[in-house]
Amino acid sequence: MEKIRVKLQFKDKEGKNKTLTVDRPKADLDDQTVKSAMDQMITSKVLANKNGPVVAKAKAYKEIVNQEDYDILDQSEIEE
């Protein structure tokens, strides 16, 4: 099973990173859309940590995780 996430990383006034994870993002996201959304989050001061609101963009990326489960249970264990 493939899982896609978008990771948005910001910096606070102390230079510490704050990462926001978006599960199941829209498939048609592009650089400008992500940049604009991050700028809006900074301007609105909606994201904060113990050092206050985030003040700058650090990076953004799409994370694709493939999960393949191992078949480790016997039929008798499944039915219990």
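Derivation of every value follows stated rules applied to the coordinates shown; laboratory data play no part. Since we're looking at a predicted model, the values are computed, not measured. Cβ coordinates were reconstructed from backbone atoms using ideal geometry, including for glycine residues, and neighbour counts include every protein chain displayed.
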For a quick check, take a GNM of the chain with Cα springs below 10 Å and name the residue from D12, D31, D39 with the largest mean-square fluctuation. D31
Quick check for the chain: number of Lys pairs with alpha-carbon distance under 12 Å, counting only pairs 8 or more apart or on different chains? 17
Please name which of N51, M41, Q9 has its Cα lying farthest along the dipole of segment 1-71 towards the positive end, using unit charges on Cβ (Lys, Arg +1; Asp, Glu -1) and the Cα centre as origin. N51
Give me the one-decimal Kirkwood hydrodynamic radius in Å for segment 35-80, with the sum taken over alpha-carbon pairs. 14.9
For K18, placing the label point 7 angstrom along Cα-to-beta-carbon and taking segment 40-80, residues whose amide nitrogen sits under 19 Å are 40-61
Fraction in percent of alpha-carbon pairs per bin - 5 Å, the chain: 3, 13, 20, 17, 12, 9, 6, 5, 5, 6, 4, 0
Excluding K62 itself, calculate the net charge of residues whose Cβ lies under 10 Å from the Cβ of K62, where each Lys or Arg counts +1 and each Asp or Glu counts -1. +1
